[in-house]
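Let me begin by presenting the structure, written as structure tokens, before commenting on it.
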Amino acid sequence: MISLHLVLFLAFGAVCVAGAINLLAQTHPINSALSLIAVMAALAGEYLLLGAEFVAAVQVIIYAGAIMVLFVFTIMLLNAGVEEHTKGSRVAIMVGVPGLLIGSVLMAWVILHRSGTEAVAMGALPGDPRTIGQLLFHDFLLPFELTSVLILIAIMGAVVLASKPEAIQKRKEH
Amino acid sequence: MVPLSYYLALSGILFACGVAGFLIKRNIITIFLSIELMLNGVNLSFVAFAAHWHQLAGQIFVFFVMVVAAAESAVGLAIIIAVHRTRETLNVDQVNLLKL
């Protein structure tokens, strides 16, 4: 019997896999970035099916919104062109494709033999912002505060790395 | 009702596509996008396990993964800009020296 849940899972999953394969097939980075945005939007649908409403909203706003805008802006800023292939890329394909196949077979084996197959009821888990917030600001308060330090360091690192060397020199002289 | 293994299989496919892109692609920005794809695959397995075992902590881990992804992409894209400024290429085959 095919339930609506399964149909929705398959529909969003098909978009995810198609976007991921398109990311590999495209040669221009902007096309890869846009197909990754499609993957992220479809993943938000999967999160909704799993009862994680807040995660789905954050996925769209932060991941597909903020982080991918950063990527698209960098691609525009650097005026990235079509990928060129050299001798090293043949080596990467020769090592990469068998390695990928072995990894996929191992992963499929583990998933098929070692995971339970009980069903997940839709909406069985409260993933609303209230519960998430209580958990995040009570049980996970220390990791939450640590991530704020991490973000601060990342901001400073990004500013230092992306600024022009002459600008740093000028700042030192003053 | 969708079994947990379906979600894990989708997560594994996304992760494998990310690994393939990381190994096969030559453009440094596309390699970064592949890393993001891998992180997304792992996030899906976190949420699936959270729903399976009724442990909301799995969804909290997703937020931490997102924070780390945001920090990583900010620093990484700054490094890409710096590499592009000194070498004027985005091909990783031509970025084989730490110092110019």
Between the range B:1-67 and the range A:1-37, what's the alpha-carbon centroid distance in Å?
13
Would you mind giving the average projected area, over all directions, of the Cα convex hull of chain A in nm² with one decimal?
15.9
Only Cα pairs within less than 10 Å get springs; with that Gaussian network setup on chain A, which residue of A:Gly19, A:Gly81, A:Gly103 has the largest fluctuation?
A:Gly103
Measuring from the lowest to the highest alpha carbon on each principal axis, how far does the range A:1-82 reach, largest first, in angstroms?
50, 27, 9
For A:Phe144 and A:Ser163, extending 7 Å from Cα along the Cα-Cβ vector and measuring point to point gives, in nm, a value of 3.2
Within the range B:67-84, whose backbone N sits under 15 Å from a point 7 Å along Cα→Cβ of A:Leu77?
B:71-84
Restricting to lysines 8 or more places apart or on different chains, can you count the pairs in the protein assembly as shown with Cα atoms under 29 Å from each other?
8
Name the most mobile residue of B:Glu88, B:Glu72, B:Glu36, meaning the one with the largest mean-square fluctuation, in a Gaussian network model of chain B with Cα contacts below 10 Å.
B:Glu88
Please compute the net charge surrounding B:Phe32, taking Lys and Arg as +1 and Asp and Glu as -1 over other residues with Cβ under 11 Å from its Cβ.
-1
Mean Kyte-Doolittle of at least -0.5 and a Cα length of 24 Å or more along the axis: which whole DSSP H helices of chain A meet both?
A:4-25, A:29-49, A:87-114, A:141-162
Relative contact order, percent, the range B:4-94 [alpha-carbon distance under 8 Å, six or more residues apart]:
30
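A short reminder: the numbers here are calculations on the coordinates, not readings from a lab. Keep in mind that this is a model prediction, so the values were computed, not measured. Positions of Cβ are backbone-derived with ideal geometry, glycine not excepted, and every protein chain shown enters the neighbour counts.
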